[in-house]
1. So who's got an amide H within less than 5 Å of the one on GLY188, skipping anything under 5 residues away but keeping other chains? H placed 1.01 Å off N, in plane.
2. Roughly how big is the range 25-70's charge dipole about its Cα centre, with Cβ charges of +1 (Lys, Arg) and -1 (Asp, Glu), in debye to the nearest 20?
3. Over the range 41-131, give the accessible area per residue in Å² for a 1.4 Å probe, as an integer.
4. Distance check, please: which entries in LYS56/LYS162; LYS56/LYS83; LYS162/LYS183; LYS75/LYS162 exceed 25 angstrom between their Cα atoms?
5. Using a 1.4 Å probe and counting only protein heavy atoms, arrange VAL142, VAL22 so the residue with the most accessible area comes first.
6. Would you tally the net charge around CYS103, using a Cβ to Cβ cut-off of less than 10 Å, leaving CYS103 out, and scoring K and R as +1, D and E as -1?
7. Where the accessible area of the range 1-124 is counted over protein heavy atoms with a 1.4 Å probe, how much of it, in %, is carbon and sulfur?
8. Leaving out ligands, DNA and RNA but keeping every protein chain, what accessible area does TRP90 have, in Å² rounded to the nearest 10, with a 1.4 Å probe?
Amino acid sequence: MGASQSLNIPGGGTEGYHILRVIEGSPGYYAGLEAFFDFIVAIENTRLDQDNENLKNILKSNIGKEVNLVIYSSKTQSVREVKITPSTAWGGQGLLGVSIRFCSFEGANENVWHILEVSPNSPASAAGLHSFSDYIIGADSVLHETEDLFSLIESHENRPLKLYVYNDDADSCREVVIVPNSKWGDEGSLGCGIGYGYLHRIPRKNRPPKPIPRPVEKDIDTEKMSTSKAPELGSTPLSTSGTTTVPVIQPSVLQATFGASKEEPLPQEVPTGQLIEPLQEVPTGHLIEPLKEVDPGISVVTPINLPGLPPLTVSASVPTSTLEGLKLDDEHNPYSPPVPIDLSIFNQPGLSSTSSNYASS
């Protein structure tokens, strides 16, 4: 989309659709249409010299298709061809995103009001008008004659008035809201000089053509990556208690992917900020139980005197566990007083025995 060589107006005439506003980001914006100065005079070799449905019908029948417009510029007083694509998906109203009004472009470059000196502290100064470089080129109402602007100013005494202003230094248009006040403290209602006529028209300069804005082309892969949602691994939201949680895969996802059994419980969400008990050490070999303390028991010493033999002493250790729970009488109690030992069993022929009382110690 853009401008090409200058062309003659097909069919002649001085009528067309005056472009009053171009919405940023619209097809008209990217085609380089300029508000207040541009007039649509033809579309697809059809001259638009009457205010009818031709322009609307042709645009509707070419939605999404590139069409040719013939544009007359009152600023450069030249004709150019513009390629534009009508669209309903650009994000705003209309197929082109422009506001238009059918009128004559004859003398359009003459209907401008040059801002001269701007007095300090005046309504013009408060509205931001610039001396000698600003030109009033329109308002919400039609301005064809020199008196049209002054009549409009008088009818807006102490009321906001919106004007469309072109700045020659910046080569751009802007909206200005001014409040006329004949009692502001000096002459006039605006506090500025206004020139009209041949000497006050917008000068024709050999300006380089304005660069036509291009729509930003989005990288398809990048757009998919930024707009597509990541697979949902869990439905648990982030914790707001200060403990970060790790989502686990939903059971339905595991069952669909790995055929997980419904009877088998799936791992639950585990907070990463929570301490997990350490795993118990797994022995690499057989552990040897520590030796138990050996019960020394109770030592029992019994002297034995056999005939013809020197005295003998027999000692033995009886574990205390053997004696636990036993109730012994004095005859069998190892802690009882000494008991006599019957040695008659040793009275055999040839042997002599002596009975004595021995104490067990």
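The values are calculated or read from the model by the stated rules, or taken from the named source; none is laboratory data. Just so we're clear, the structure is a prediction, and the values are computed from it rather than from any experiment. Reconstructed Cβ throughout: ideal geometry from the backbone, glycine too, with neighbour counts over all protein chains shown. The area values use the complete protein model at the heavy-atom level, side chains included, leaving out ligands, DNA and RNA. Shrake-Rupley method; radii C 1.70, N 1.55, O 1.52, S 1.80 Å.
1. none
2. Numbers: 4 positive and 7 negative charges, 38 e Å.
Around 180 debye, computed over the range 25-70.
3. Values: 4410 Å² over 91 residues.
Value returned for the range 41-131: 48 Å² of accessible area per residue.
4. Details: LYS56/LYS162 29 Å; LYS56/LYS83 16 Å; LYS162/LYS183 20 Å; LYS75/LYS162 21 Å.
Among LYS56/LYS162; LYS56/LYS83; LYS162/LYS183; LYS75/LYS162, the Cα-Cα distance tops 25 Å for LYS56/LYS162.
5. Working: VAL142 65, VAL22 35 Å².
Largest to smallest exposure gives the sequence VAL142, VAL22.
6. Details: positive: ARG101; negative: GLU15, ASP51, GLU106.
Cβ neighbours under 10 Å give a net charge of -2.
7. On the way: 2510 of 5770 Å².
Within the range 1-124, the accessible surface is 44 percent carbon and sulfur.
8. 50
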